[in-house]
Every structure is written in C-alpha cells, then in structure tokens.
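Novice: I'd like to ask some things about the structure below.
The values are calculated or read from the model by the stated rules, or taken from the named source; none is laboratory data. These numbers were taken from a predicted model, which means no experiment stands behind them. Cβ: placed from backbone, ideal geometry, glycine included. Neighbour counts: every protein chain shown. Just the protein is used for accessible areas: all its heavy atoms, side chains included, with ligands, DNA and RNA removed. Shrake-Rupley method; radii C 1.70, N 1.55, O 1.52, S 1.80 Å.
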Amino acid sequence: MQGGYFLRRPILGIETSCDETAAAVLSPDGAILAEALLSQREHAAFGGVVPEIAARAHLAHLPGMVADVLARAGLQPSELGAVAATSGPGLIGGLIVGSGFGKGMAMAHDLPFVAANHLEAHALTARLPGLVEGGAPFPYLLLLVSGGHCQLVAVEGVGRYRQLGATIDDAVGEAFDKVGKLMGLGWPGGPALERLAMQGDPARYALPRPMHGRPGCDFSFSGLKTAVAQLVGTFPAGALPVQVAADIAASFQRAAADCLADRADHAMRDFEAPEKLLVVSGGVAANATVRAALGIAAARRGFRLVAPPIRLCTDNAVMIAWTGIERLRLGLADELDHAPRPRWPLRELAGAP
Ligand code: KG4
Ligand code: ZN
C-alpha cells in the first residue's frame, strides 16, 4: 500500500507468539478501548514453554477472547478499521494461529492487515499516547530484556532499527529462569527469584559479571548462570539453607543488573539525540533492582529512563495494535499471504521510505 492509510475506526491487535494469548482494541489515536490477556499455565509442569501445547491453547482461547474484547469495546467485527497480528519472531504454531485468525478477520471484513513484528512492538510501546511525557520522539535507545531477547537497539523510526548489541548466549530472562529452576523455584524463575532476593544479601557472593567493562554493547549470561550452578552444587541436593538461597538470589540479581547497566552505559555514551531516552521493555524490566540500576546509569549520562507499566512491558496485544497504527499511518500494510516467521530480526523489517 502506498501513502499513509487514514485509520478512522478502531484496530484489533492479536498476540500469540509465545505463551501469552492476548487481544486488544485501540482507537485510531491509540486509546485502549479493551484488552485481554491469558498467561498459559499449562507449561509450568514442564519447566518451560511446550510449543505444541502453546499453539493448541492459543487456538482454544483466541476466538472467545477476540469476541470478548470487541464486545467490551462495544463493537461488531464489521466496525473495525484494521487488524494487526504478531507474525514473528516466535513459536511457529502460535504465530500461525494468531496471524491466520487475524488475516481471516481482515479478509472477511475487507480490512487492512499488519503482520506485526513482536520486537518492533516492544520497541514502539513507549510511543503509546500518554505513556511518556512529551511522547517518545525518534531516535531513542531501547533495551529489550525478556525470556527470549536481550538486545540494545537504536530506534530511529518505524521499521528503522540499528542493533547496537545483543546477547552472545542466554537472554537475561532465560538466565533468571535457569537459575530459578536450579534453585527449585519453579518456572518462570524471574519473579520468584526477585521475591527470594528481597531477603538476601547481594554482597554475600562475588559472582562474575560477564562482558562488564568490555568495549561494545554485547551481553553474556551463561558464565554467571554456571557460577551459580557451581555454588549451588557445593550444597547437598535439595538442602540449600534458606538464607544461603536468598543470598545467592540477591547476588545473582545484583550481578545481572550490573551487567545490564554497564552495557546500557556503553550504548548511551555514543548515542546522540535531541531528547535522550533509554526505554526498557520485556519481562525483566519488571525487576526493581534492574530498573534501579538502569535509572542510575541513565541519570549519569543525562538520559531519562522510560519503563512502561509492567503489563505493557511483558507480552501483550496493546503493543501489537499500536504497531499496526504506527505502520498504517505510513502506509505499511501487509498482504494477506504474508508468511509468519519464527526468526525475524529487526534489521530485516521493511520501514518507512
Ligand atoms: O517479555 P516476557 O513476558 O516474555 C518473553 O520472553 O517474550 O518476559 C518473560 C521473562 C521471563 O524470563 C521471566 O522470568 C522474566 O521475564 N521476568 C523477570 C521478572 N518478571 C518476569 N525477571 C526478573 N525479575 C522479574 N521480576
Ligand atoms: Zn516479548
């Protein structure tokens, strides 16, 4: 589609790339009319997301959820103006369910369709109206920290991203999850580990801080995770004293936060923008120690740290609908034969001319 598409009616957003089934309806200017989210509980027993179970659960829940958000927004499907659905990166089964459903709606009601990139959606969340005072004008820095992603990106415009650094092994959320698992905290480990760390001494164990102080903006967390595994291994299986567990959790969390702040510091040092913003997004942005460390690092470089509300940092459909709005404003709709992509790096996105 050429030229900007003037959206006069609300847009439906659909998210199914991992283990959250989500739908949202936004007005053309980005006001949230209705949103729903279901975190699939089916995976906890397996200690990680099982792709086939996730896809089946999306299929079971999505149609009812879409009907529910439309009803709460007071709309018939025919009153929608567009549909956006996550089309990658992510688990292919879920992507097929969500994007297929979205395309079906678009086809049935003759609506433009946006095949939203999940990473772009995290990147653009900060631009939702009312979230950041004065908006979040391009360019800004994004630190994306989730279970599957850990990267620093210069967000220069819709579809225009420059990756400054990424993890060379585990994502930081993955490290939280693996450490949580080996400490017997269940899955996902991040929130439980943060709760345990509240009772602990972050200075008790000197854990490694991989990449800390090295040039560039790449991350590494597997050495930190291995150090925790070795420490835990010095105690008889299942017999970690409560205080020791809390101290390990606090020391790990401190080390992870230090690494993130150090890498972000490197990115900020070389980043020029009229308005200096460091946006943090992804599930790990929920962690108070991480936020505090980033806040200090940002202030030191004259940056404002922007952390969207937790429910918009973690996977959700509001960000997908918003991405649809941003793309349609630039005329960047997609064809209905757009194939979902399990791998879809930001640099391969089609952007504004
Ligand atoms: O963005 P998200 O909901 O899903 C994706 O991975 O895309 O992020 C989930 C990740 C998990 O690894 C989870 O353990 C981590 O975010 N997480 C946390 C906290 N809450 C969620 N990590 C540390 N502290 C938390 N409070
Ligand atoms: Zn995500």
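Novice: Tell me, please, whether a residue that is closer than 23 Å to Cys217 by Cα and of a type outside the set (D, E, K, R) can be found in the stretch 98-107. Lay out the reasoning, then the answer.
Specialist: Initially, the stretch 98-107 is screened for residues closer than 23 Å to Cys217 by Cα, giving none.
Checked the stretch 98-107: no residue is closer than 23 Å to Cys217 by Cα and of a type outside the set (D, E, K, R).
Novice: Moving to a separate point now. Looking at (1) within 28 Å of Pro345 (Cβ to Cβ); (2) among the polar types (S, T, N, Q); (3) surrounded by fewer than 20 Cβ atoms within 10 Å (Cβ to Cβ); (4) in contact with a Pro (Cβ under 7 Å, 6 or more places away or on another chain), can you tell me which one Ser39 breaks?
Specialist: For Ser39, the failing item is (4).
Novice: Those residues that are open to solvent by less than 10 Å² (accessible area, probe 1.4 Å), over 22 Å from Val97 (Cα atoms) and in a loop (DSSP other than H, G, I, E, B), I need them from the stretch 314-353; list them, please.
Specialist: Answer for the stretch 314-353, where residues must be open to solvent by less than 10 Å² (accessible area, probe 1.4 Å), over 22 Å from Val97 (Cα atoms) and in a loop (DSSP other than H, G, I, E, B): just Gly331.
Novice: Let me ask something additional. If Leu164 passes every condition in (1) surrounded by fewer than 19 Cβ atoms within 10 Å (Cβ to Cβ); (2) more than 16 Å from ligand 2 (Cβ to nearest atom) but one, which one does it miss?
Specialist: Unmet condition: (1).
Novice: Another question about this same structure. Only one residue in His61, His109, His149, His118 is assigned by TED's automatic domain parsing to the domain that holds Ala321 and within 15 Å of the chain's Cα centre (by Cα). Which one?
Specialist: His118
Novice: Please go through the stretch 19-32 and give me each residue that is assigned to a loop (DSSP other than H, G, I, E, B) and open to solvent by less than 40 Å² (accessible area, probe 1.4 Å), ordered by number.
Specialist: Asp19, Ser27, Pro28, Gly30, listed by residue number.
Novice: Return the pairs, sorted by first residue and then second, in which the second residue is aliphatic (A, V, I, L, M) and assigned to a helix (DSSP H, G or I), the first residue lies in the stretch 255-266 and is in the same structural domain as Cys217 (by TED's automatic domain parsing) and without any contact (Cβ under 8 Å) to a residue 60 or more places away in the chain, the beta carbons are less than 6 Å apart, and the residues are 6+ apart or on different chains.
Specialist: Within 6 Å, the pairs are Ala255/Leu224; Ala257/Val290; Ala257/Ala293; Ala261/Ala293; Ala261/Leu294; Ala261/Ala297; Asp265/Ala297.
Novice: Another question, then. Tyr140: aromatic (Phe, Trp, Tyr) and open to solvent by less than 20 Å² (accessible area, probe 1.4 Å), yes or no?
Specialist: For Tyr140, the condition - aromatic (Phe, Trp, Tyr) and open to solvent by less than 20 Å² (accessible area, probe 1.4 Å) - is met.
Novice: Considering each residue of the stretch 302-344, count those that are farther than 22 Å from Ala286 by Cβ and assigned by TED's automatic domain parsing to the domain that holds Ile11, and give that number. Steps first, please.
Specialist: Quick first cut of the stretch 302-344, residues farther than 22 Å from Ala286 by Cβ only: 302, 324-344.
Remaining after also requiring assigned by TED's automatic domain parsing to the domain that holds Ile11: 324-344.
The number of residues fulfilling the criteria is 21.
Novice: While we're on this one: Would you please name the residue that is nearest to ligand 2 (Cβ to nearest atom), looking only at residues in the stretch 297-313 that are touching a helix residue (DSSP H, G or I) at 6+ places or on another chain (Cβ under 7 Å) and open to solvent by 60 Å² or more (accessible area, probe 1.4 Å)?
Specialist: The residue in question is Ile310.
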